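Student: I have a structure I would like to understand better, so I am pasting it below and will then ask my questions one at a time.
Read the figures in this text as sums done on the coordinates, not as results from a lab. Only a predicted model underlies this, so the values are computations on that prediction, with no experimental measurement involved. Cβ sites come from the backbone with ideal geometry, for glycine too, and all protein chains shown count toward neighbours.
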Amino acid sequence: MRIKRIANPIVILSSLLIAILTFSGCGNSSVAPPKSSAQVSSEPQGIEPPASRVRAVREALRYAEDANPGSKFKAKRKKIICGWARISIEETGVPTEEAVAFDVYLKKKDGEWEVEKSGTDISPEDLPGAPEELFK
């Protein structure tokens, strides 16, 4: 008498493994929900990501060049924190003693940088809500 094999053991184990992997997370209430993009960011809270920082500088330079037709500017210093930016700019292509230099203060609104004020003697009282660190 011959004994019939019901199934190959490898096929049975493979099927069992697939079933376990497929259903292993079902009904488990301890599984964490997917992270939002804000949670995934490696940037500390209040610090703008590099692309946003570049946009702030570009907006400050655009503002300066629009206000001074024919002049070109460069960013000398930048401080960007908590949705606010202070970009210190200076005119290029002219002698240093003749170069126009001032600060441009921007605030991020709806994901875009908007100029709030510009000048050389802007104080915290001139920009309510701006962080104190911006003026140091």
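Student: What is the sum of charges, Lys and Arg at +1 and Asp and Glu at -1, for the other residues whose Cβ falls under 12 Å from the Cβ of GLY119? If you can, show how the numbers build up before the last one.
Tutor: Numbers: positive: ARG86, LYS117; negative: ASP103, GLU116, ASP121, ASP126.
Value of the local net charge: -2.
Student: Residues with beta-carbon under 12 Å from that of ASP103, excluding ASP103: net charge, scoring Lys, Arg +1 and Asp, Glu -1?
Tutor: Working: positive: LYS76, ARG77, LYS78, LYS79, ARG86, LYS117; negative: GLU90, GLU116, ASP121, ASP126.
Around ASP103, the charge tally is +2.
Student: If the chain between GLU65 and CYS82 were fully stretched, how many nm would it gain, using 0.36 nm times the residue separation less the Cα-Cα distance? Spell out each step's value before the answer.
Tutor: On the way: separation 17, 0.36 × 17 = 6.12 nm, distance 2.57 nm.
Separation in residues times 0.36 nm, less the Cα-Cα distance, equals 3.5 nm.
Student: At a 10 angstrom cut-off on C-beta neighbours, averaged per residue, how do the peptides 116-129, 57-70, 87-100 rank from highest to lowest? Can you show the working numbers first?
Tutor: Numbers: 116-129: 11.8, 57-70: 15.2, 87-100: 13.4.
Output ranking for 116-129, 57-70, 87-100: 57-70, 87-100, 116-129.
Student: Treating the Cα atoms of the range 50-135 as identical point scatterers in vacuum, please give the log10 of the normalised Debye intensity I(q)/I(0) at q = 0.17, 0.18, 0.24 Å⁻¹, two decimals.
Tutor: Each listed q maps to, in turn, -0.65, -0.72, -1.19.
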